[in-house]
Amino acid sequence: MYSLETLKENYLLHCKTQKELNAKTIKAYHIDLKQFIKFASTYEDPISKECLTSYLAMLHEQYQPKTTKRKIASLKAFFHFLEYEDLLEHNPFNKMRISYREPKRLPKIIPANTIQLFLLTIYQHHQQATTPFQSATRSKRSPRRLTISLLIVPAHCARSSARISSLPLLPINTASSPALI
């Protein structure tokens, strides 16, 4: 039987040559697997469910949720590779239930004074058009730009804003509201 260190090197070589993974991904796998091998060296059977359960508990205690999730994914991929290459009879992760929730982050909001300044600037540029080109542009594009700005950055309620991905679907005619001209 091969040592875990040898299996790790074979796996990283496979990731580099066969899967053609990014160098940063391979480096992260290397660090994650090296950490697991160091932890597992204290156990008689480093591939046991007991060892993995202890390791996962340690990860949850010491690392942020995203880091823990990445380290678990690295380890799962490693064990899947060993099972696929018939270097491991059974993958211990197949018999483990790992449910993991990351805390949800609230979106960052733009301060009200910044929104007011932004909208005020748009209105001023709209009203200060003096050349024929600016007037033509103002009559064709300006109302649409104002409408899009109002949809993206509403001054009163963050929940009523439009998604940027849906704005290309907004026809030019829709934005010619007399209130914005």
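What follows draws every value from the coordinates through simple rules; no lab data is involved. Just so it is clear, the structure is predicted and the values come from calculations on it, not from any experiment.
Restricted to Cα positions, what overall size does segment 1-110 have along the principal axes? Three whole-Å values, descending.
57, 33, 22
From the phi angles alone, apply the Karplus equation (6.51, -1.76, 1.60; θ = phi - 60°) to segment 46-57 and give each ³J(HN,Hα) in whole Hz, x where the residue is Gly or Pro.
These are the phi-based 3J(HN,Hα) values: x, 10, 7, 5, 4, 5, 5, 4, 5, 5, 5, 4 Hz.
On a full-extension model of 0.36 nm per residue, what is the gain between Ser41 and Glu5, subtracting their alpha-carbon distance, rounded to one decimal in nm?
Numbers: separation 36, 0.36 × 36 = 12.96 nm, distance 1.05 nm.
Full extension of this stretch gives 11.9 nm more.
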